[in-house]
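Notes follow once the structure below has been shown.
The values are calculated or read from the model by the stated rules, or taken from the named source; none is laboratory data. Quick caveat, the model's predicted, so the values are computed rather than measured. Cβ: placed from backbone, ideal geometry, glycine included. Neighbour counts: every protein chain shown.
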């Protein structure tokens, strides 16, 4: 693939699909597929899985929340080598389930790849980058409590996907959309409760 293609969602989905070539696939298999890279693509991959039908499986939300928290902390602290605890790396899922999620994400990924570019750079550099990574670290802490409500955590996963995609592609518009999603979700949640 060309160098510019490595910053696309399609490239990430292709790698995940290749990792799922056996009956089951582990988190380590997916990470090995991409080799040593920036942490952001892995945050993006994890959050995209939460937006897919895979999030309806019990336990997936909590696993993805742990992965996103650990990876976001590493990105925030500027860690160059990716690290995850062994019990997360060994977690396996049937390849057919992962492939279902990948197929479901193909069309939206092509749309986002076509509509991304270097915009609003102030939102993806300097202090705003750190604030966004901190938000990616804090947001998933509530997801395990949503485990009993199928697909409820998909909104949070979508928000983290917007943040990580914006940081990954250096497109501040997606980061802005992530913050707007938090604002709208908070207003709706407040209106429902009060």
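Before we move on, is residue 55 in a loop (DSSP other than H, G, I, E, B), touching a helix residue (DSSP H, G or I) at 6+ places or on another chain (Cβ under 8 Å) and at pLDDT below 90?
No, not satisfied.
Per this entry, residue 61 is counted among residues that are buried (at least 22 other Cβ atoms within 10 Å of the Cβ) and either on the phi < 0 side of the Ramachandran plot or assigned to a loop (DSSP other than H, G, I, E, B) (or both). Taking the criterion of being free of Cβ contacts under 8 Å to residues at least 12 places away in the same chain and under 22 Å from residue 54 (Cα atoms), the residues of segment 144-194 that qualify are 145, 148, 149, 152. Across segment 87-99, the qualifying residues are those that are at pLDDT 90 or above and touching a helix residue (DSSP H, G or I) at 6+ places or on another chain (Cβ under 9 Å), and the one among them that is surrounded by the fewest Cβ atoms within 10 Å (Cβ to Cβ) is 90. Determine whether residue 168 is surrounded by 15 or more Cβ atoms within 10 Å (Cβ to Cβ) and either under 16 Å from the mean Cα position of the chain (by Cα) or farther than 25 Å from residue 73 by Cβ (or both). So residue 168 passes the test. (1) touching a helix residue (DSSP H, G or I) at 6+ places or on another chain (Cβ under 6 Å); (2) closer than 12 Å to residue 144 by Cα: which one isn't true of residue 71, the others all being true? Just one mismatch for residue 71, condition (2). Of the set (1) within 28 Å of residue 188 (Cβ to Cβ); (2) in contact with a strand residue (DSSP E or B) (Cβ under 8 Å, 6 or more places away or on another chain); (3) modelled with pLDDT under 90, all apply to residue 124 but (3).
Scanning segment 129-146 for residues that are crowded, with 17+ Cβ neighbours inside 10 Å and farther than 17 Å from residue 61 by Cα yields 129, 132, 133, 135.
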